[in-house]
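Comments concern the structure below.
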Amino acid sequence: MDTAPARIRLARMSEKRVPQHLIRLNDLSPQQVDDLLELSTRLKRKGTRAELAGRTVGLLFFRGSLRTRASFEAAMVQLGGNTINLTAASDFWDLEVREGAVMDGRAPEHIRDAAAVLSSYVNALAIRPKPAGRSWAEDRKDSEIRSWADHARVPVINMESALWHPLQALADLMTLRETLGDVRGKRLSVVWTHSPTPATPAVVHSLVHGAVRAGMHVRVAHPQGYELDTHVLEEVSTLAKSSGGSFETGLPLIEGVRGSHVVYARSWESLEDYGNPTLAASRRSRQQGWAVDERLMAQGADARLMHAMPVRRNLEVTDEVLDGPRSLIVQQAENRLHSQKALLTHMLRG
């Protein structure tokens, strides 16, 4: 009996299948993004079937979360699947990321081993790493999330690293489409706001990348010293030349908002002072007036407000704007659920 066909089938089954990861929005083609946004809208309008019954996603949080954790768990439940939720502070230990390291420090386990084991338990891993916070040159490499992707045998989803937040960008693009219809040619302003606890620029990086690729005219207003990552700016500027959109950065507050259809408020760290909290706090204390209120919103073209939250009320944005008819923040947060259901369906159904 000729067993060659069986041997060939077994050999093919044993070949290592490279999973599709989502580390940054650019891991999805423009057509895939369009398809996901259309699916997100259908799921929001018509509801969800249990298309992921029997599938499990492992959620690993190395720092805090509210919307991301809740929306991911709700998404999997509504799709008929399950989640395993692990929080580094309470559920497991430090993990080594360096290849070839002599592990004589705090970490008793390497990501290589953790990724291999968890890949045998779950169908995907969604991870929120914690940047070391000492050097932007190091943190921007996103070494931890990329190490998980290198060693996992299942899809790895980035739930916000130092450099990128693709999940927020998908929800933001969905919200922009719901609000503006065809976003091509529409004007989006990203405004830096003062906060004593600024985030990394990950949300803004992914937002401007996705919006420019969709053909929007994007302006970023921020004080001196709060420039975005140089390599990201170069990418976005190149994209603008081919997408029909445009990109400007470093604008004053009023000029950055004038004539915009959407104002996106966000606080992010100064990359010049990254890793030096004393200098960073001193720089922030000198930025007066960088907040969103009704007077600023009136500079736009019937502008609507977006913010990824959490938002410091009456510091970043006034109550009047947040609770008024211009605000999209609750709709924007809800869309995390629908866009993530679409993404999970795309990555896990087949």
* To do: Please indicate, with yes or no, whether at least one residue in the stretch 12-22 is hydrophobic (A, V, I, L, M, F, W, C), in contact with a Gly (Cβ under 8 Å, 6 or more places away or on another chain), buried (at least 19 other Cβ atoms within 10 Å of the Cβ) and modelled with pLDDT of 95 or more.
  => no
* Asked: What are the residues in the stretch 152-199 that are out of contact with any His (no Cβ under 7 Å at 6 or more places or on another chain), among the aliphatic types (A, V, I, L, M) and in a loop (DSSP other than H, G, I, E, B), if any?
  -> A152, V154, M159, A162, V183
* All positions within the stretch 34-59 that are out of contact with any helix residue (DSSP H, G or I) (no Cβ under 7 Å at 6 or more places or on another chain), over 14 Å from T345 (Cβ atoms) and in contact (Cβ under 8 Å) with a residue 60 or more places away in the chain -> T56
* Asked: Do we find a residue being modelled with pLDDT of 95 or more, basic (K, R) and surrounded by fewer than 22 Cβ atoms within 10 Å (Cβ to Cβ) anywhere in the stretch 163-180?
  -> yes
* Structure fact -> Looking across the stretch 112-151 at residues that are small (G, A, S) and within 26 Å of H338 (Cβ to Cβ), the single one that is nearest to the chain's Cα centre (by Cα) is A126
* Of all residues in the stretch 254-271 being outside any loop (DSSP other than H, G, I, E, B) and aliphatic (A, V, I, L, M), the one that is surrounded by the fewest Cβ atoms within 10 Å (Cβ to Cβ) -> I254
* Quick one: what pairs do we get from the stretch 294-312, first residue in the same structural domain as R177 (by TED's automatic domain parsing) and touching a residue at least 40 places away in the same chain (Cβ under 8 Å), second of a type in the set (G, A, S) and assigned to a loop (DSSP other than H, G, I, E, B), C-beta under 7 Å, 6+ apart or different chains? -> M297/A303; G300/G259; G300/S260; A301/G259; A301/S260; A303/S260; R312/S195
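The values are calculated or read from the model by the stated rules, or taken from the named source; none is laboratory data. Owing to the predicted nature of the structure, the values given are computational and were not obtained by experimental measurement. Don't worry about glycine lacking a Cβ; one is built from the backbone with ideal geometry, like all the others, and counts go over all protein chains shown.
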